[in-house]
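A short worksheet on the structure shown next.
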Amino acid sequence: MKERMVDLLIVGAGPAGMAAALYAGRSLLKPVVLERMSIGGLAGTADWIDNYPGFAEGVAAYDLMESMHRQAERFGAEFVLDEALTLTRTDAGFDVATAEQTVFHARAVIVASGAVPRALPLKEEAKYRGHGVSYCATCDAAFFLGKQVAVVGGGDAAVNETLVLAKGSSRVFLVHPLETLQATQVLVEQVSGQTNVELVAAATPTGLRGEGKLEALIVRQASGGDRTLAVEGVFVAMEYTPVSNLLQGLVEVDAQGYVVLPETTESGVPGLYVAGDVRRKVLKQIVTAVADGAVAAQRAAGFLRRAAGKPEGSAPA
């Protein structure tokens with residue numbers, strides 16, 4: 001088991017974590033950022049981002065995330081691909097144990113672990129995951145060129161997935177639970193204008209079928225009866241589940257697992273801050289995650305200065 005001492009450990013390299021790393025680096029904290037998946041987190045799996053300020057024509061998600069990454073590194077942030085497994089409070093701060101057998105001894109921690117897509121609640125989901133069931137259109141759309149697919153969900157994420165798939169799939173069924181889509185109006189207008197997209201409203205998935213590979217999605221319609229959609233791929237973009245397991249027992253979480261904190265990102269535990277989509281928020285967007293990260297880093301820097309007996313505005317010891 002390796003051990004490392006750090007001033008500030010940031011869990012998660014999505015937009016919140018990278019913004020925190022940037023602001024912490026500019027405060028001369030030399031932050032270490034742990035990411036279990038890939039730089040950019042869930043935001044990095046999107047295709048195109050049209051609503052991040054400063055990009056008049058939009059920007060590729062990968063390019064935006066990589067720019068954030070390089071900017072944070074320029075100010076001294078270190079990124080480590082590893083998964084944080086446990087977070088323990090100690091007299092000196094916090095211990096974070098990782099999957100790669102490292103224990104980080106940190107004086108302060110920012111948890112920006114985000115959220116992950118909720119799994120399709122069907123007994124056959126595990127059988128077809130990776131064999132027709134996907135949670136990332138940007139990652140897997142190329143496997144379904146010229147084929148019929150379905151997207152399950154009714155919010156912005158589902159519509160964005162549909163728009164990605166519509167570029168190459170012969171037909172895309174967008175299965176959503178309510179009579180109307182619960183997405184941003186501009187996205188609704190875009191998807192409604194796609195000639196190869198069919199909106200399947202007020203419908204709930206009830207089964208997956210296929211011999212060896214996925215061949216059909218069965219949905220139950222609110223109007224009555226089941227409908228079988230002949231598809232080779234089902235892309236799930238429903239509600240998200242916050243990755244808050246590290247914080248259990250340390251901070252308050254609601255019934256869905258989101259952390260309930262004020263806009264200051266302060267957890268109530270000295271030196272522990274929570275930023276981004278793991279926190280209960282009115283609006284979950286890249287721009288609000290970035291704001292959270294900046295606030296958390298500023299608060300962490302102030303905490304470390306006070307702990308070191310330094311005046312506000314000076315670098316921590």
Legend entry - In region 151-185, the residues that are aliphatic (A, V, I, L, M) and either free of Cβ contacts under 8 Å to residues at least 24 places away in the same chain or not in a helix (DSSP H, G or I) (or both): 151, 152, 172, 174, 175, 178, 181, 183
Inset, instruction - For region 13-26, indicate whether the set of residues that are loosely packed, with under 14 Cβ neighbours inside 10 Å and either modelled with pLDDT of 95 or more or touching a helix residue (DSSP H, G or I) at 6+ places or on another chain (Cβ under 6 Å) (or both) is non-empty. - result: no
Inset, instruction - Under 6 Å between Cβ atoms, at least 6 apart or on separate chains: pull out the pairs that start in region 247-259 with a residue that is not assigned by TED's automatic domain parsing to the domain that holds residue 277 and among the hydrophobic types (A, V, I, L, M, F, W, C) and end on any residue that is part of a loop (DSSP other than H, G, I, E, B) and surrounded by 13 or more Cβ atoms within 10 Å (Cβ to Cβ). - result: none
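Residue-wise test of (1) more than 18 Å from residue 23 (Cα to Cα); (2) in contact with an Asp or Glu (Cβ under 9 Å, 6 or more places away or on another chain).
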residue: 221; (1), (2): yes, no
residue: 261; (1), (2): yes, yes
residue: 270; (1), (2): yes, no
residue: 286; (1), (2): no, no
Legend entry - Top-ranked residue in region 13-56 [being within 15 Å of residue 74 (Cβ to Cβ) and hydroxyl-bearing (Ser, Thr, Tyr); ranked as nearest to the chain's Cα centre (by Cα)]: 23
Inset, instruction - For region 303-311, indicate whether the set of residues that are part of a strand (DSSP E or B), out of contact with any Phe, Trp or Tyr (no Cβ under 6 Å at 6 or more places or on another chain) and surrounded by fewer than 21 Cβ atoms within 10 Å (Cβ to Cβ) is non-empty. - result: no
Inset, instruction - Please note which strands (runs of 3 or more DSSP E) are completely contained in region 78-132 and include at least 1 residues that are within 30 Å of residue 142 (Cα to Cα) and in contact with a helix residue (DSSP H, G or I) (Cβ under 8 Å, 6 or more places away or on another chain). - result: 78-81, 115-117
Legend entry - Residue in region 64-74 that is among the hydroxyl-bearing types (Ser, Thr, Tyr), in contact with a helix residue (DSSP H, G or I) (Cβ under 6 Å, 6 or more places away or on another chain) and either more than 20 Å from residue 285 (Cβ to Cβ) or not in a strand (DSSP E or B) (or both) present: no
Inset, instruction - Name every residue in region 43-63 that is out of contact with any Phe, Trp or Tyr (no Cβ under 8 Å at 6 or more places or on another chain), assigned to a helix (DSSP H, G or I) and within 18 Å of residue 276 (Cα to Cα), in order of residue number. - result: 43, 45
Legend entry - Scan of region 211-242 for residues that are in a loop (DSSP other than H, G, I, E, B), modelled with pLDDT of 95 or more and of a type outside the set (D, E, K, R), ordered by number: 214, 231
Legend entry - Filter pass, residue 186 being more than 19 Å from residue 144 (Cα to Cα), surrounded by 13 or more Cβ atoms within 10 Å (Cβ to Cβ) and outside the structural domain of residue 285 (by TED's automatic domain parsing): no
Legend entry - Of all residues in region 154-174 being among the charged types (D, E, K, R) and surrounded by fewer than 21 Cβ atoms within 10 Å (Cβ to Cβ), the one that is farthest from the chain's Cα centre (by Cα): 171
Inset, instruction - For residue 261, state whether it is surrounded by fewer than 20 Cβ atoms within 10 Å (Cβ to Cβ), within 19 Å of the chain's Cα centre (by Cα) and in a loop (DSSP other than H, G, I, E, B). - result: no
Inset, instruction - Could you please find all residues in region 135-153 being modelled with pLDDT of 95 or more and surrounded by 23 or more Cβ atoms within 10 Å (Cβ to Cβ)? - result: 149, 150, 151, 152, 153
Legend entry - Residues located in region 199-246, provided they are exposed (fewer than 15 other Cβ atoms within 10 Å of the Cβ) and in contact with a Leu (Cβ under 7 Å, 6 or more places away or on another chain): 207
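The values are calculated or read from the model by the stated rules, or taken from the named source; none is laboratory data. From a predicted model like this one, the values you see are computed outputs, not experimental measurements. Reconstructed Cβ throughout: ideal geometry from the backbone, glycine too, with neighbour counts over all protein chains shown.
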